[in-house]
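What follows is a set of notes on a single structure, which appears directly below.
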Amino acid sequence: MDIFELCQDFCFDGEFLRYEIVTTGNINTTYKVFMQCGDKEERYLLQKINKNVFSHPEKIMENITSVNAYIDHRHKCEDLFVLHFISNKSGEPYVIDKDGNFWRACKFFDCACFDSPDNLDVIEEAGRAFGQFQYLLNGYDASRLHVTIPNFHDTRKRILSLEKTIKYASGDRKTVAQEEISYILDNKKLAFKLCELLDEGKIPLRVTHNDTKCNNVIFRKDTLKALAVIDLDTIMPGLCAYDFGDGARSICSTTDEDEQDLSLVKFDLERFERFSKGYFKYLKEILTDEEKDTLALSVYIMTLELAARFLQDYLNGDVYFKVRMKNHNLIRARCQIALCKDILTKLDKMNEIVNKHLQ
Ligand SMILES: Nc1ncnc2c1ncn2[C@@H]1O[C@H](COP(=O)(O)OP(=O)(O)O)[C@@H](O)[C@H]1O
Ligand SMILES: [Mg+2]
């Protein structure tokens with residue numbers, strides 16, 4: 001795609017100078033674009049939405065625009081920005097290229113971004129940003145949002161679907177994965193807890209981000225304070241437990257998601273303490289008692305759910321997650337199961353930590 005041509009369709013200030021590729025991020029294709037604006041150089045982020053993952057990018061952009069407008073309208077929020085997308089010449093927040101790809105653009109911030117942080121201050125700030133984002137959206141009617149990936153965190157459906165795959169899977173992969181299959185099926189009851197509470201109407205649907213990894217927060221370079229929550233592609237109706245649980249799973253694990261030395265795979269309580277402290281800074285004011293009771297357990301549930309997804313993809317012959325080595329999805333499933341086992345031994349302590357920061 002000709003980036004210069006594409007930029008002509010956006011209402012950018014200034015004249016196109018050059019662009020660079022941004023290599024962080026997992027889903028979309030991202031560029032940094034430089035424009036000459038008088039004697040100043042302006043920078044923008046230009047992004048092609050991955051249409052293999054998101055079949056209706058216009059719905060994603062509608063969700064994002066609506067949520068941003070709500071935050072702007074309802075709150076004076078000085079310590080967390082909203083990323084506004086730049087309009088095309090017809091006023092829409094995207095440009096569609098000749099191949100039908102959706103592109104969007106926003107201001108590029110000279111920021112820091114971390115894939116797997118070990119700085120505890122950064123971890124607390126990541127928690128603060130995601131928790132504050134949810135706090136700012138309190139009162140937004142989540143049913144107004146398009147559900148862009150149906151049943152994304154429906155753990156019960158995910159595990160039922162895994163069971164179907166197991167039933168029809170044949171051959172070596174099923175034999176090799178027997179231990180992992182047993183672990184997930186033996187623990188599914190515990191993993192259905194959030195679904196049951198939701199069915200019974202005991203916990204509320206909120207607006208959730210659904211991809212609460214640290215690299216979806218940008219930080220000021222000088223102070224390492226969180227600037228903005230980014231990557232709002234998966235905002236949908238969901239449970240507070242999804243964002244908190246999945247964020248803690250990814251940010252408080254001591255290893256990458258494909259660590260093969262399982263003795264290294266641990267859930268770090270020091271990180272969890274700081275992540276929780278940040279997360280509940282604002283949110284504690286609005287969570288219900290029933291929601292609060294689900295939070296520590298949600299870390300286990302989100303971890304088991306991901307293990308089930310990796311395992312299912314392994315049994316299906318690696319059709320969803322990109323694999324970079326032999327048995328990659330099985331390795332990933334094993335790693336998440338090892339994390340599950342460690343989390344279970346720490347659940348009492350995790351509940352204590354959560355309760356302390358909810359006071
Ligand atoms: N407005 C921005 N300013 C500076 N960097 C950004 C901005 N938005 C995104 N980034 C960087 O680009 C990366 C990818 O963007 P993101 O929207 O998270 O895409 P993906 O869906 O591919 O993860 C981020 O992890 C961050 O490092
Ligand atoms: Mg991202």
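Contact map, segment 208-226: first residue part of a loop (DSSP other than H, G, I, E, B), second residue among the polar types (S, T, N, Q) and within 11 Å of ligand 1 (Cβ to nearest atom), Cβ cut-off under 8 Å, separation 6 or more or different chains; pairs are H209/N216; H209/T234; N210/T234; D211/T234. Of the candidates R74, R104, the single residue that is closer than 28 Å to H209 by Cα and in contact with a Lys or Arg (Cβ under 9 Å, 6 or more places away or on another chain) is R104. I159 passes every criterion in (1) crowded, with 16+ Cβ neighbours inside 10 Å; (2) part of a loop (DSSP other than H, G, I, E, B) apart from (2). Residues of segment 190-224 that are within 15 Å of ligand 1 (Cβ to nearest atom) and within 19 Å of the chain's Cα centre (by Cα): H209, N210, D211, T212, K213, C214, N215, N216, V217, I218, F219.
Does segment 299-317 contain at least one residue that is under 22 Å from S161 (Cα atoms), aliphatic (A, V, I, L, M) and modelled with pLDDT under 95? Scanning segment 299-317, I find no residue that is under 22 Å from S161 (Cα atoms), aliphatic (A, V, I, L, M) and modelled with pLDDT under 95, so the answer is no.
Scanning segment 133-144 turns up one or more residues that are under 30 Å from E259 (Cβ atoms), in contact with a Phe, Trp or Tyr (Cβ under 9 Å, 6 or more places away or on another chain) and assigned by TED's automatic domain parsing to the domain that holds D211. Considering segment 232-247, and only residues there that are under 22 Å from T65 (Cβ atoms) and within 8 Å of the chain's Cα centre (by Cα), the residue that is farthest from ligand 2 (Cβ to nearest atom) turns out to be D243.
Condition check for L83 on (1) at pLDDT 90 or above; (2) surrounded by 14 or more Cβ atoms within 10 Å (Cβ to Cβ); (3) in contact with a strand residue (DSSP E or B) (Cβ under 8 Å, 6 or more places away or on another chain): one failure, at (1). Filtering segment 253-275 to residues that are free of Cβ contacts under 8 Å to residues at least 24 places away in the same chain and either within 19 Å of Q132 (Cα to Cα) or outside any loop (DSSP other than H, G, I, E, B) (or both) leaves S263, L264.
The values are calculated or read from the model by the stated rules, or taken from the named source; none is laboratory data. Treat the numbers as computed from the prediction; the structure is a model and nothing was measured. Because the Cβ atoms are built from the backbone with ideal geometry, glycine has one as well, and the counts that use them run over all protein chains shown.
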